[in-house]
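I'd like to ask you about the structure that follows.
The values are calculated or read from the model by the stated rules, or taken from the named source; none is laboratory data. Every value quoted in this text rests on a predicted model; they were computed, and no experiment measured them. Every residue, glycine as well, gets a Cβ built from its backbone with ideal geometry; the counts of neighbours run over all protein chains shown.
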Amino acid sequence: GNKNINAKLVLLGDVGAGKSSLVLRFVKGQFVEFQESTIGAAFFSQTLAVNDATVKFEIWDTAGQERYHSLAPMYYRGAAAAIIVYDISNQASFERAKKWVQELQAQGNPNMVMALAGNKADLLDARKVTAEEAQVYAQEYGLFFIETSAKTATNVNEIFYEIAKRLPRV
Ligand code: GDP
Ligand code: MG
C-alpha cells in the first residue's frame, strides 16, 4: 500500500548559496532576486508524492552564518535528510559545503540521506566549481549530487524527489 512518511530535512551551506531560494522555489514556486538573509532558521513543510509513498518534508532552512553555527545541531539532529548547498560561482562556498558534510558524517544521524546541491547553475559564465569535481567529491563521501537553479527552477523538484526515493521505508 501507499505509505505516509514524515521526514525532517535540513538545509545547510554558506550564506548566499541559495538555501532559502531553493526552499521558496520548492514550496511556493517563486524566486526573488533580493532574498532576505535568514535569521536563525525558518521552517516550511511540503508534501511530495513518489511511487510508493507520500512524503511530508518538514524543512529547516538554516542561516549559514558562523555566529549561528552552534545552533546547527538542533536542526540536523534527528533529521532524515540534509541538502548541503553551495554556489557553483563561489569556490569558498564549495569548501564550506565540504565542512558541513564532515560535520554531518561525524555528528549526524548515520542513516541520513544527504544531497549536495551545486546551486546557481544558471550562472554558467561565472562558474568556479566544475560539476566533475563536485561529482567526484560526492561519490567519495556517499552523497547524491545534482546542480540546481532556484532562479530557473532547474532540478529543484528533482532534488527533493531523489531524496524522497532514498528515504528508508519503515
Ligand atoms: P541563502 O543565504 O543560502 O539562504 O541564500 P539566498 O536564498 O538568500 O540567496 C542569496 C542570493 O542568491 C539572493 O540574492 C538570491 O536571489 C540569489 N540566488 C539564489 N539562488 C539562485 C540561483 O539559482 N541563481 C541565481 N542567479 N541567483 C540565485
Ligand atoms: Mg537563507
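For the stretch 137-166, give me each residue that is of a type in the set (A, V, I, L, M, F, W, C) and at positive phi.
Listed by number, the list holds a single entry, A153.
Kindly provide the set of residues from the stretch 36-82 that are among the hydroxyl-bearing types (S, T, Y) and touching a residue at least 24 places away in the same chain (Cβ under 8 Å), ordered by number. Lay out the reasoning, then the answer.
Restricting attention to the stretch 36-82, the residues satisfying the condition of being among the hydroxyl-bearing types (S, T, Y) are 37-38, 45, 47, 54, 62, 68, 70, 75-76.
Passing the criteria: S37, T38, T54, T62, Y68, Y75, Y76.
Next question. Out of the residues in the stretch 58-72 that are surrounded by 14 or more Cβ atoms within 10 Å (Cβ to Cβ) and hydroxyl-bearing (S, T, Y), which is modelled with the highest pLDDT?
T62
Further question: Does F43 fit the bill of being surrounded by 15 or more Cβ atoms within 10 Å (Cβ to Cβ), more than 9 Å from ligand 2 (Cβ to nearest atom), under 16 Å from the mean Cα position of the chain (by Cα) and not in a loop (DSSP other than H, G, I, E, B)? Walk me through it before giving the result.
Working: surrounded by 15 or more Cβ atoms within 10 Å (Cβ to Cβ): no; more than 9 Å from ligand 2 (Cβ to nearest atom): yes; under 16 Å from the mean Cα position of the chain (by Cα): yes; not in a loop (DSSP other than H, G, I, E, B): yes.
When the stated conditions are applied, F43 does not pass them.
Next question, about the same structure. Considering (1) closer than 22 Å to L167 by Cα; (2) surrounded by 22 or more Cβ atoms within 10 Å (Cβ to Cβ); (3) within 14 Å of the chain's Cα centre (by Cα), say which one V55 fails and leave the rest.
(3)
Of everything in the stretch 17-40, what is buried (at least 18 other Cβ atoms within 10 Å of the Cβ) and modelled with pLDDT of 95 or more? Give them in sequence order.
A17, G18, K19, S20, S21, L22, V23, L24, R25, F26
State the number of residues belonging to the stretch 1-24 that are part of a helix (DSSP H, G or I), over 17 Å from A81 (Cβ atoms) and of a type outside the set (S, T, N, Q).
Pass one, the stretch 1-24, residues part of a helix (DSSP H, G or I): 19-24.
Cutting the leftovers down to over 17 Å from A81 (Cβ atoms) gives us 20-21, 24.
Next cut, of a type outside the set (S, T, N, Q) only: 24.
Total meeting the criteria: 1.
For L116, are the conditions met, namely being in a helix (DSSP H, G or I) and closer than 18 Å to V10 by Cα?
So L116 does not fit the description; no.
Quick one: count up the residues across the stretch 109-148 that are of a type in the set (G, A, S) and over 12 Å from the mean Cα position of the chain (by Cα).
Of all residues in the stretch 109-148, those of a type in the set (G, A, S) come to 115, 117-118, 121, 126, 131, 134, 138, 142.
Filter once more, so that each one left must be over 12 Å from the mean Cα position of the chain (by Cα): 121, 126, 131, 134, 138, 142.
Going through the stretch 109-148 one residue at a time, the tally reaches 6.
For Y75, indicate whether it is away from ligand 2 (no atom under 13 Å from the Cβ) and surrounded by 20 or more Cβ atoms within 10 Å (Cβ to Cβ).
So Y75 fails the test.
Can you pull out every residue in the stretch 15-35 that is within 7 Å of ligand 1 (Cβ to nearest atom) and under 20 Å from L71 (Cα atoms)?
Once the filter is applied, which keeps residues that are within 7 Å of ligand 1 (Cβ to nearest atom) and under 20 Å from L71 (Cα atoms), the stretch 15-35 yields V15, G16, A17, G18, K19, S20.
Pairs needed: first member in the stretch 150-170, closer than 18 Å to Y86 by Cα and part of a loop (DSSP other than H, G, I, E, B); second member anywhere, among the hydrophobic types (A, V, I, L, M, F, W, C) and more than 10 Å from ligand 1 (Cβ to nearest atom); C-beta distance under 8 Å; at least 6 residues apart or different chains.
Filtered contacts from the stretch 150-170: N155/I146.
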